[in-house]
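These notes concern the structure reproduced below.
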Amino acid sequence: MADLETLLAAEADRQRPAHRPPFADLVRSRRRRDRLLVGALVVVALAAAGGSTVLRKERTAPSAPSVVVPVTGVLLEVGGPGDIPPRGVAGTVRLRAADGTVTEAVAATGGRFNLSVPPGRYIATGAPRGYVLNDPSSEFVGGPSDVRTGSSSDVVTFPDNARPPMCAADAPIAVPSGGLDDVQVICQIR
């Protein structure tokens, strides 16, 4: 049996690792590796955040200053009982560009409005005084409201069941580099 014990002891010695560091050294080594990994991840995250900030700044950086040109016109009511002749009305006019930019102007008592926009194509919409335009991305007018401008004679009230008139130019308008006159935003009264 001594030979068997000798053989087993020799085999156990052969399979034992040549060098096995103490447990405390293994723990310290693992902590150092984890710190390096976390540090590397922080550097990568900061670089990514900094890079996206730079890209965001490049995207929103203003290009050459835009030239704006005047646009004038009239907000008109047409139709209604007995086909009343067209007449200018006070209200709001809105031009929406293809990129979604909205420019708004107030139409005076006779319906005349003035605004300035960069040359380009626009959808022109509006609402007579007393109606409010919904959010700027909308082409159509919202529901009735009261408008108060200072004196009791300026209060315009529409009943709750009143349907707002559709106010728009006949087609998209093209504003040339010299500006545009006589835009007609027509409110079809039913």
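For the reader, a short list of remarks on this structure follows.
- Condition met for residue 112 (open to solvent by 80 Å² or more (accessible area, probe 1.4 Å) and modelled with pLDDT under 90): no
- So residue 71, is it under 41 Å from the mean Cα position of the chain (by Cα), assigned to a strand (DSSP E or B) and either surrounded by 10 or more Cβ atoms within 10 Å (Cβ to Cβ) or modelled with pLDDT of 75 or more (or both): yes
- Hey, residue 77 acidic (Asp, Glu), surrounded by 14 or more Cβ atoms within 10 Å (Cβ to Cβ) and at pLDDT below 90 or not: yes
- Under the condition of being surrounded by fewer than 13 Cβ atoms within 10 Å (Cβ to Cβ) and under 25 Å from residue 119 (Cα atoms), the residues counted in region 80-92 number 0.
- Residue match in region 131-144 (condition: over 15 Å from residue 75 (Cα atoms) and at pLDDT 55 or above): yes
The values are calculated or read from the model by the stated rules, or taken from the named source; none is laboratory data. Every value quoted in this text rests on a predicted model; they were computed, and no experiment measured them. All Cβ positions, glycine included, derive from the backbone under ideal geometry; neighbour counts span all protein chains shown. The area values use the complete protein model at the heavy-atom level, side chains included, leaving out ligands, DNA and RNA. Shrake-Rupley method; radii C 1.70, N 1.55, O 1.52, S 1.80 Å.
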